[in-house]
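The values are calculated or read from the model by the stated rules, or taken from the named source; none is laboratory data. Not measured: the values here are computed from a predicted model. Cβ coordinates were reconstructed from backbone atoms using ideal geometry, including for glycine residues, and neighbour counts include every protein chain displayed.
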Amino acid sequence: MILEKNQIAAAEAASGKTETQLMELAGKRCADTLLHEYPENDSFLILCGSGNNGGDGFVIARHCLAANRQVAIILMLDDIRTPAAIEARQKLPDSCLIYGYQELSETQFQTMAQRYDVIVDCVFGFNFHAPLPDFLRSAFRWINQQRLPVVSIDLNSGLEADHSLGDPDALHSELTLALGALKPVHLFSREHQKLDRLIPIGLGFAEPEASRWIQMDALQVTRLLPRLHDNDYKNTTGRLTVIAGSPWMAGAAQFNLEAAQAMGCGMLHALVDPAVYPILQAACPHIVYHPNTLSEADLTALLNQSDAVAIGSGCDHLANLETVLERVLHCSSVPVILDAAALRCLARHPEWLNTPHGDWILTPHVGEFSALCGRSVEEIQADRIRCAEEYALAHQVTLVLKGADTLIISPEGLRCVNKTGNPSLAKAGSGDLLTGMIAALAARGLTPMEAACCGVWLHGKAADKAIEKTSLYGVHHKEILAGLDAFLFDHQKELWR
Ligand SMILES: NC(=O)C1=CN([C@@H]2O[C@H](COP(=O)(O)OP(=O)(O)OC[C@H]3O[C@@H](n4cnc5c(N)ncnc54)[C@H](OP(=O)(O)O)[C@@H]3O)[C@@H](O)[C@H]2O)[C@@H](O)CC1
Ligand SMILES: Nc1ncnc2c1ncn2[C@@H]1O[C@H](COP(=O)(O)OP(=O)(O)O)[C@@H](O)[C@H]1O
């Protein structure tokens, strides 16, 4: 379950518990987790803020003291502002060591931070808004530089709940305990590398009725995957046209085609530069090839017989890419998946986006997205959700912003952050496989958002399966496709009707 900041109050009210009761529950469960995760003689230094996140810290301190752990609290901000936190502070035993950060010298703070085994970060929770005040920034920067073990409660202090990042000096944690539900920022843990491990702490919240967040899992993906029927034949199992590859880059087309085939696409056509045709014919003999110099009428006829079109992977040296792309974008009534060179071409022709168009799925990595939206890579990475959403809504496209935590946004603003995959995918060619997979799913009749979410999830899952048998270094396209096949084989019964 994912809750945005403005949905939390409703979840809290629907739980039937008061703020104090929720804090007691959260604090107890966090303390139990800490006591379980860290050995008996480990001590805790709890950094508390002025809100309820700080209140959680007081409850945690009380339970850790009761378990005979060595505990000290540092009040990082001057006042305690919320009634529940004030109440939790009052319940602390007199024996609890409590210091005010402003009263400690820098050296005293640093000595304490190093003397305790674990720093528990209860400075800011979901109501933090960047930037960090300077006095905290220097403390956080120092803790991060020393790589001290930090456990963050709910959110790493300095991260913003609804955005993909927050302040660049947000605390880095080795463990974060997410309270009640995941917040959007938790989904970007690999992308911003602010936390190593996440444990959700349940508080009995119910799923919100309307959510913009789509969560994919094996069940959801197998529910969406097209079924094969006994009487199917090649034209009922997805007709896909792939426009890919060019001299010196034949492999991209091969990867598109092999991935689409592995995804069950029945009829594959490929429009390619004649120079790469002999290579592709040898690698993928089951495809029907056409030269990229096809007449306008023949290209239109080909598009009319397709259920989806993929264009751009490895097309960097395709002489007439611009003409072909313009034709595809304006004549095709079926979903078009744009990758790599097609995205760069689209960036040079923003006017194409501003005319009414069909279903387009754009699959940029952050560099390609930077060219498309005119923002710097740093600006996008600092707020991937906002940048991607503004673009998808303004241009009415399905956007697949690739990366370690690929973000998918529909033209209506539905969002999905993918959690499958691993760094074995950080290799040239991985994106070409993804394009083939999404395109095949779109050709099989999934909506653009379904095809994108399913394709990205399966691509990551295939890589996760691949590293069960091959080293991270050694995974290449064959191992990924074998991983995909292994997943589909596991679900064979559900896919055959
Ligand atoms: N319902 C639940 O799910 C449960 C929630 N629980 C816990 O409550 C937490 C949320 O608590 P919260 O609402 O009190 O906010 P929290 O983030 O602790 O602090 C906000 C304070 O920080 C301040 N502040 C913000 N930015 C700042 C800045 N840049 N620089 C300086 N100050 C800044 C801000 O001041 P303001 O901006 O409003 O003036 C305000 O005073 C949540 O994360 C979880 O841990 C659990 O107890 C139980 C169940
Ligand atoms: N560290 C990672 N963890 C998970 N997925 C990754 C990681 N690095 C790359 N990927 C995925 O691999 C693919 C790489 O695509 P791209 O950068 O376009 O490469 P290319 O075009 O060379 O094939 C994307 O789907 C991306 O999300």
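A few comments on the model shown:
- Taken over the stretch 172-192, the criterion of being over 19 Å from G27 (Cβ atoms), touching an Asp or Glu at 6+ places or on another chain (Cβ under 9 Å) and either away from ligand 2 (no atom under 16 Å from the Cβ) or of a type in the set (V, I, T) (or both) is satisfied by H172, E174, P184, V185.
- For S15: the one exception among (1) within 21 Å of S95 (Cα to Cα); (2) modelled with pLDDT under 95; (3) within 32 Å of the chain's Cα centre (by Cα): (1)
- Scan of the stretch 117-135 for residues that are crowded, with 20+ Cβ neighbours inside 10 Å and aromatic (F, W, Y), ordered by number: F124, F126, F128
- Applying a threshold of 8 Å to beta carbon distances and a minimum spacing of six or more residues, or different chains, the list of pairs starting in the stretch 291-308 at a residue that is at pLDDT 95 or above and ending at one that is among the aromatic types (F, W, Y) reads P291/Y277.
- With respect to (1) surrounded by 22 or more Cβ atoms within 10 Å (Cβ to Cβ); (2) closer than 24 Å to C454 by Cα; (3) touching a Gly at 6+ places or on another chain (Cβ under 9 Å), the lone exception for N235 is condition (1).
- Qualifying residue in the stretch 338-346 (condition: within 15 Å of P448 (Cβ to Cβ), touching a residue at least 12 places away in the same chain (Cβ under 8 Å), in the same structural domain as V242 (by TED's automatic domain parsing) and not β-branched (V, I, T)): yes
- Output for the stretch 404-445, where each listed residue is within 15 Å of D359 (Cα to Cα) and acidic (D, E): E412
- Looking only at the stretch 293-313, and only at residues there that are away from ligand 2 (no atom under 16 Å from the Cβ) and part of a loop (DSSP other than H, G, I, E, B), the one that is surrounded by the fewest Cβ atoms within 10 Å (Cβ to Cβ): S295
- Scanning the stretch 321-362 for residues that are within 26 Å of T293 (Cβ to Cβ) and within 22 Å of the chain's Cα centre (by Cα) yields I337, L338, D339, A340, L343, W360.
- In the stretch 467-482, the residues that are touching a Leu at 6+ places or on another chain (Cβ under 9 Å) and either assigned to a helix (DSSP H, G or I) or polar (S, T, N, Q) (or both): H477, I480, L481
- Residue tally, condition in contact (Cβ under 8 Å) with a residue 12 or more places away in the chain and farther than 21 Å from G421 by Cβ, over the stretch 189-220: 10
- Extreme residue, nearest to ligand 1 (Cβ to nearest atom), among residues of the stretch 55-97 that are closer than 14 Å to K28 by Cα and of a type in the set (G, A, S): G55
- Scanning the stretch 144-169 for residues that are more than 17 Å from A181 (Cβ to Cβ) and surrounded by fewer than 24 Cβ atoms within 10 Å (Cβ to Cβ) yields N144, Q145, Q146, R147, L148, P149, L165, D167, P168, D169.
- Close pairs (6 angstrom Cβ cut-off, 6 or more residues apart or separate chains): at negative phi in the stretch 389-403, of a type in the set (G, A, S) and crowded, with 22+ Cβ neighbours inside 10 Å anywhere: T398/S410; T398/A452; L399/A388; L399/A392; V400/A452; L401/A388
- Filtered by the rule that a residue be charged (D, E, K, R) and in contact with a Gly (Cβ under 9 Å, 6 or more places away or on another chain), the stretch 370-404 gives R384, E389, K402.
- Verdict on E389 being over 27 Å from Q261 (Cβ atoms), away from ligand 2 (no atom under 16 Å from the Cβ) and more than 15 Å from the chain's Cα centre (by Cα): no
- Selection of first residues in the stretch 138-165 that are farther than 20 Å from Y38 by Cα and modelled with pLDDT of 95 or more and of second residues that are among the acidic types (D, E) and not in a loop (DSSP other than H, G, I, E, B), restricted to Cβ pairs under 7 Å at least 6 apart or on distinct chains, gives the following pairs, ordered by first then second residue: S157/D121.
- Residue list for the stretch 346-357, filter: within 22 Å of A442 (Cα to Cα) and either surrounded by 15 or more Cβ atoms within 10 Å (Cβ to Cβ) or of a type in the set (A, V, I, L, M, F, W, C) (or both): L346, W352, L353, H357
Matching residues to (1) part of a helix (DSSP H, G or I); (2) within 16 Å of ligand 2 (Cβ to nearest atom):
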| position | (1), (2) |
| --- | --- |
| V400 | no, yes |
| P411 | no, no |
| A428 | no, yes |
| L433 | yes, yes |
| A440 | yes, yes |
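- With respect to the stated conditions, D273 is on the phi < 0 side of the Ramachandran plot, crowded, with 21+ Cβ neighbours inside 10 Å and among the acidic types (D, E).
- Residue-level check: of (1) modelled with pLDDT of 95 or more; (2) farther than 19 Å from I337 by Cα; (3) outside any helix (DSSP H, G or I), P278 misses just (3).
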